[in-house]
Structures are given as C-alpha cells and as structure tokens.
Amino acid sequence: MLDIRYEDEALLIVNKPPGILVHPAAKEDAGTLSYEINQYYKAQGWQLNLHPVSRLDRQTSGLVVFAKFPEIQGTLIKQGMQKEYLALAVGTLPSARGIIETPIARKPGSIIEREVNPQGRPCKTEYRVLSTHIAEDAQPVTLLRCRIYTGRTHQIRVHLASIGCPIWHDNLYGKIPGPPLRHGLHAYKIRFEHPWTHTQIEVVSALPEDLAAAIT
C-alpha cells in the first residue's frame, strides 16, 4: 500500500520503503514503486502516465516525487529541489560539519558502481553530525543530516565512503562485502517551489523505525 505524503492536481510524493525499486527493471515490474503508482492511478480512474522527478536506490528509503504531467516534470527537473537525507555513516566524521565536493564518475568496467574521479562530474554534498551510536551489529555509527546540491548516482554513498565513513550496510561501497542489505540512508526532506501555484512545498519523512531501532 502506498505511503502518500503529499498529493495535489500536479504532484504525488510517496514515502518509499527499502528493498523495492522505484522504476521497473527489465525483468521486474510488479512490486516496484512505479507499478504501485500506476495501479493507484487506475483505481482512481485516471488516465495518467508516470513522470518521475526523483529516484532512490533499492535499499534506500524515503521521499520520491512523481509529476502527473510532463510539463510539471520538466519544470521541477529544470528548477531543482532541495533534498536532504538522514544517513548512518560507519565510523567518526572528520568534523561536526563539512562539505565534500569531489567529482564522481562511473567506475571503469562497471555499469553500476561509481567512484571519486577528477575527470568526473562536479558534485557537492553538505553534512552535519547529529549524534553518535553503536549500531545493533556493534559497529560505531554516526547519524548525519546530508544535503545534496547535485544529484549524481550514489552521490552520498560515494562521498561518505571516500572519506572513510561509508553508509552503514552499504555492501557496494562499504568495508564489509556481502549481500545487499537495507542501507542506513533515508530521503527525509524535499523542498521546492510548486510549478503552478509558486508556493513553497516542504515534505518531511522522519527517520524510519527500523533505522531508529538500529541505533537505540
């Protein structure tokens, strides 16, 4: 069942649980967030196509924005949105506040993995330490609030790993390889100017219970 956090004539903002894809893969349609939204539209009797404005990795939770019309999608992508995340990073950050601006590129030989690379695209991630904990698996972790000023694939994951503090349970960029697990990453706030009304829209999704329990 969809966890709808905001909806009007132009937009739909959904809180995605971890473990599901936003968009269908070649062999995976049913069970994706896009599929659930299409079913929701059909149940309402709406003839609407899907126009995604943002996306999240499968194992990341949080707010995802969909436009109901292509012109809304285009406007939001062009004007941009303020996006903030709550992250559990393994280890201790070098400072209570910081900005990481190293460029990111696709890792040679991989269609999925990214890396910090001077030949990559410009990136900017700002972080602030909120608290420190020992996670349920006995790893020391730091709860951060991160704001991204660019929207590169795996940006927060790559940036935090590059300073020695990967996202908790990130098997791709973390220090402990293994099967994909629920990442310690949650898209908790989105803020933008509404394309039609020009009012400021802000939607917040608190730290999910599973991540909160992991650091209690």
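The values are calculated or read from the model by the stated rules, or taken from the named source; none is laboratory data. Just so we're clear, the structure is a prediction, and the values are computed from it rather than from any experiment. Heads up, the Cβs are rebuilt from the backbone with ideal geometry, glycines too, and the neighbour counts pull from every protein chain shown. With ligands, DNA and RNA removed, areas are computed over all heavy atoms of the protein, side chains included. Shrake-Rupley method; radii C 1.70, N 1.55, O 1.52, S 1.80 Å.
Points worth noting:
- Hits in the range 10-35 (condition: surrounded by fewer than 17 Cβ atoms within 10 Å (Cβ to Cβ) and either modelled with pLDDT of 95 or more or part of a strand (DSSP E or B) (or both)): Pro17, Ala25, Glu28
- Across the range 56-89, the qualifying residues are those that are open to solvent by 30 Å² or more (accessible area, probe 1.4 Å) and either assigned to a strand (DSSP E or B) or in contact with a helix residue (DSSP H, G or I) (Cβ under 9 Å, 6 or more places away or on another chain) (or both), and the one among them that is farthest from Pro24 (Cα to Cα) is Gln82.
- Any hit, the range 63-82, residues being of a type in the set (A, V, I, L, M, F, W, C), farther than 17 Å from Gln155 by Cβ and touching a Gly at 6+ places or on another chain (Cβ under 7 Å): no
- Neighbours by Cβ (under 9 Å, 6+ apart or cross-chain): first from the range 52-66, touching a residue at least 12 places away in the same chain (Cβ under 8 Å); second acidic (Asp, Glu): Gln59/Asp170; Ser61/Asp210
- Summed over the range 124-136, the residues that are among the basic types (Lys, Arg) and either over 14 Å from Leu160 (Cα atoms) or outside any loop (DSSP other than H, G, I, E, B) (or both) give a count of 1.
- Subset of the range 192-212 [over 15 Å from Lys16 (Cβ atoms), outside any helix (DSSP H, G or I) and open to solvent by less than 40 Å² (accessible area, probe 1.4 Å)]: Phe192, His194, Pro195, Ile201
- Scan of the range 100-123 for residues that are assigned to a loop (DSSP other than H, G, I, E, B) and among the aliphatic types (A, V, I, L, M), ordered by number: Ile111, Ile112
- Residue list for the range 174-191, filter: under 14 Å from Gly19 (Cα atoms), charged (D, E, K, R) and in a strand (DSSP E or B): none
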